[in-house]
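Data block below; observations after.
The values are calculated or read from the model by the stated rules, or taken from the named source; none is laboratory data. All values derive from a computational prediction rather than experimental measurement. FYI the Cβ positions are ideal-geometry reconstructions off the backbone, even for glycines, and counts take in every protein chain you see. Heavy atoms of the whole protein, side chains included, go into the accessibility calculation; ligands, DNA and RNA do not. Shrake-Rupley method; radii C 1.70, N 1.55, O 1.52, S 1.80 Å.
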Amino acid sequence: MNPVLPFLEIEASSAPRVEVRFDGAPLLLPLGANLAAALLAAGIERFRNTPVSGAPRAPFCMMGACFDCLVEIDGVQRQACMIEVAEGLQITRPGSPEVRHVAS
Amino acid sequence: MSHRDLVIVGAGPAGMAAATEAANAGLSVTLLDEQPRAGGQIYRDVDHVPDHRAALLGPDYTAGRDLTVALRSSPVEHVTGAVVWSIEPGFCLSYSRDGRGAQLTADRVLLATGALERPMPLPGWTLPGVMTAGAGQILLKQSGVLARSAVLVGAGPLLYLIAVQMLRAGQPPLALVETQTGRNRRAALRHLGGALRGWPYMAKGLRMLAELKRGGVPRYIGAQDIRIEGDTRAEVLCFSHRGRIRRLACETVFLHHGVVPNTQAARALGVAHHWSTQQQCFVPTLDYWGRSDVPGVFVAGDGAGIGGAKAAALSGRLAALAIACDAARLTPDERDQRARPLRSARAREQAPRPFLDTAYPPCAQALSPRDETLVCRCEEVTAGTVRAHARAGCLGPNQTKAFGRVGMGPCQGRYCGLTVTALLAEATGQTPDQTGYYRIRPPLKPVTLGELASLKTPPATGEN
Ligand SMILES: Cc1cc2nc3c(=O)[nH]c(=O)nc-3n(C[C@H](O)[C@H](O)[C@H](O)COP(=O)(O)OP(=O)(O)OC[C@H]3O[C@@H](n4cnc5c(N)ncnc54)[C@H](O)[C@@H]3O)c2cc1C
Ligand code: FES
């Protein structure tokens, strides 16, 4: 595994770390942090695959406008850049590279 | 359902300043913003950042605390985490908060919803690892998260600001790949008078460039044919510079070629818009108070036309004075007297804009992308497809829906609308005003059934 991730945290967060699951894998993220930022800092590069072509996507705007950071939490698709880390979040990637539907 | 004299959407500098001014004039005011804390884009989380990060972001950032402090000590009701998705005439606002719907009514509405990054469709711009430069800045401000190996691509002062902040944080960008040319700079010289009236901004710009030079950050000016390559994520930024092809290996690409008004809410309310040739975007049609052609609807801040944070706060206060006067809380004389210094301060703030808009025009390649470039990120529609729609007789963005799915995804055209207008205008030979823009219908953001179910009177939503 490559220990050098694309994003780094410039200061040690004082917030306690809590466990969330991303596609089943446990991650320890700072409580109350922006979820998209925390996932990027934890090395998550692909947040979802598009419903049209299955292309990988990750946060683009970080301000709730582009919808590329969509993840599924408790069965609802939500913008990761608009929510905060809470203990026990069960996060999955919407779409999968295998599923491709043709736009009608 | 509670009722207010004034509801303001957006707690950036414009919304915060307007709310405080209006409440101090005696109006009952509610301020709604989808972010968890006040500040908007420029002052994101300004009350929340650790000292070390605040120092790195500099005094232009921490200056936002004057506005947040004034807001907190005013009687304004600030509802955080409130995503406004419908504003019906009259006015009834519907919003979601913590997974539940809520509504309130108001005599008047002020839209202070700010700006969006100008769409920058380049080959590869949808790959993970490609973000807007503003997104890079939000990561830094809100979360203290910084890209390790990033290239900044595009044009404009915000690009320099971000580069300097990254440098100060100890992770300078690998390079600045800039799309403006020497010819743009020469053309801008005819606006030098205005630039000199806005001298503090010019001085700041020159200081930033000097700091980048000392920091050894390479600048490629006049870059063309830009492409981001990578299989499942951004790996290489490829471009041509002075006749040579360059390839920079990187993990993150930050794109920026200016910001444009976020007009979604104003359009949904039926506010008239027109094309601004200077700013190369649509702006709502307003008088100098920010009053639109829809009675009771005002717009202030970058959503009314790009002017920067200080001009945004001033225009927020001006709108608040006009609203207070309309609501008979101020006489016209009191309004005009208080407005006078604000109006001249705003004119000073706006003075450097023509220089900046000419020196740093939008990237030509992204205004008219090649056929294979994706323009609609949501539905993955290419520029070539939109051009084919035009050849098949499509004249305007609203007709594209009869031809395909461009603009029909969840972002509602926020990152393709201007491109689609430009492509159709180019193909039909019409002006952007004749071509028009997407019709925006509520909900402005997707709403869940649970959020709708928790409302007593569900608002009308447009069927798309
Ligand atoms: C990503 C980004 C970063 C920027 N960074 C800088 C910078 O560092 N320096 C600089 O000089 N300029 C920056 N700008 C330009 C900047 O937008 C303005 O100068 C300034 O922030 C404008 O203030 P405003 O009050 O008009 O809008 P904003 O500060 O953008 O505030 C608008 C607010 O409206 C809220 N909002 C929008 N729609 C809704 C809705 N439907 N429901 C609820 N709330 C909503 C948003 O959450 C936001 O808080 C940036 C722009 C962007 C897009
Ligand atoms: S990153 Fe754009 S909506 Fe979250």
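Heavy-atom accessible area of B:MET1 with all protein chains present, probe 1.4 Å, nearest 10 Å²?
It works out to around 130 Å².
Evaluate Rg over Rh across segment B:4-131, taking Cα atoms for both radii and Kirkwood's formula for Rh.
Here Rg/Rh amounts to 1.04.
Counting helices only, and only those DSSP H runs with n ≥ 4, report the 222 nm mean residue ellipticity of chain A as the sum of -39,500 (n - 2.57) divided by its residues, in deg cm²/dmol to the nearest 500.
Mean residue ellipticity, 222 nm, calculated: -1500 deg cm²/dmol.
Set the Förster distance to 25 Å, then compute FRET efficiency between A:GLU19 and B:ALA453 from the Cβ-Cβ distance, nearest 0.05. Numbers along the way, then the final one.
Details: r = 31 Å, r/R0 = 1.26.
Step by step, r from the Cβ atoms, then E = 0.20.
Which distance in Å, rounded to a whole number, links the C-alpha centroids of segment B:62-99 and segment B:253-288?
Their Cα centres are 21 Å away from one another.
For segment B:190-305, what is the largest minus smallest coordinate of the Cα atoms on each principal axis, given in angstrom and ordered from greatest to least?
Ordered largest first, segment B:190-305 gives principal extents of 54, 41, 24 Å.
Work out the FRET efficiency for A:VAL76 and B:VAL69 from their Cβ-Cβ distance, taking R0 = 41 Å, and round it to the nearest 0.05.
It comes out at approximately 0.70.
Can you give the charge dipole size of segment B:173-304 about its Cα centre, rounded to the nearest 20 debye, using +1 on the beta carbon of Lys and Arg and -1 on the beta carbon of Asp and Glu?
My answer is approximately 780 debye.
If you take the beta carbon distance between B:THR232 and B:GLN337 as r and set R0 to 51 Å, what does 1/(1 + (r/R0)^6) give as a FRET efficiency, to the nearest 0.05?
It comes out at approximately 0.25.
Going toward the positive end of the dipole of chain A, with +1 on Lys and Arg Cβ and -1 on Asp and Glu Cβ, which of A:PRO51, A:ALA80, A:PHE22 do you reach last?
In chain A, that residue is A:PRO51.
Return the unpartnered cysteines for chain B, using a Cβ-Cβ cut-off of under 4.7 Å.
Within chain B, the cysteines lacking a partner Cβ under 4.7 Å are B:CYS92, B:CYS238, B:CYS250, B:CYS281, B:CYS325, B:CYS363, B:CYS378, B:CYS394, B:CYS411.
Kirkwood Rh, segment B:92-158, all Cα pairs: how many Å?
Kirkwood hydrodynamic radius for segment B:92-158: 15.7 Å.
Is there a quick way to get the dipole size of chain B? I mean about its Cα centre, with the Cβ of Lys and Arg at +1 and of Asp and Glu at -1; what is the value in debye to the nearest 20?
The dipole of chain B has a size of about 1280 debye.
Hey, what's the per residue convex hull volume over the C-alpha atoms of segment B:67-217, in cubic angstrom? It would help to have the intermediate numbers written out before the result.
Numbers: hull volume 32.9 nm³, N = 151.
Taking the convex hull of the Cα positions in segment B:67-217, it is 218 Å³ per residue.
Where in segment B:99-135 is the amide nitrogen less than 13 Å from a point lying 7 Å along the Cα-to-Cβ axis of B:GLU372?
Residues B:123-124 fall inside that zone.
Mind checking which of A:SER13, A:GLY64, A:GLY32 is farthest towards the positive end of segment A:1-88's charge dipole, using Cβ charges of +1 (Lys, Arg) and -1 (Asp, Glu) about the Cα centre?
The Cα lying farthest towards the positive end belongs to A:GLY64.
On a C-alpha basis, how far is the centre of segment B:173-235 from the centre of segment A:46-84 in Å? Whole number, if you could?
For segment B:173-235 versus segment A:46-84, the Cα centre distance is 31 Å.
Run lengths n ≥ 4 of DSSP H only: what is the helix-derived mean residue ellipticity at 222 nm for chain B, with -39500 (n - 2.57) per run over all residues, to the nearest 500?
-10500 deg cm²/dmol
Show me, for segment B:422-434, the HN-Hα J-couplings you get by feeding each phi into the Karplus relation (A = 6.51, B = -1.76, C = 1.60, θ = phi - 60°), rounded to Hz, glycine and proline as x.
5, 5, 5, 4, 4, 6, 9, x, 8, 7, x, 4, 5
Compare the Cα positions of B:LEU367, B:VAL406, B:ALA312 along the charge dipole of segment B:272-416 (+1 at Cβ of Lys, Arg; -1 at Cβ of Asp, Glu; about the Cα centre) and return the one farthest towards the positive end.
Positive-most Cα among the choices belongs to B:ALA312.
If the viscosity is 1.567 mPa s and the temperature 4 °C, what Stokes-Einstein diffusion coefficient in µm²/s follows for chain B when Rh is the Kirkwood radius over Cα pairs?
In µm²/s, the coefficient is 56.
Going through the cross-link list B:LYS204/B:LYS445; B:LYS141/B:LYS204; B:LYS310/B:LYS456; B:LYS310/B:LYS445, which pairs have a Cα-Cα distance over 32 Å in this structure?
B:LYS204/B:LYS445; B:LYS310/B:LYS456
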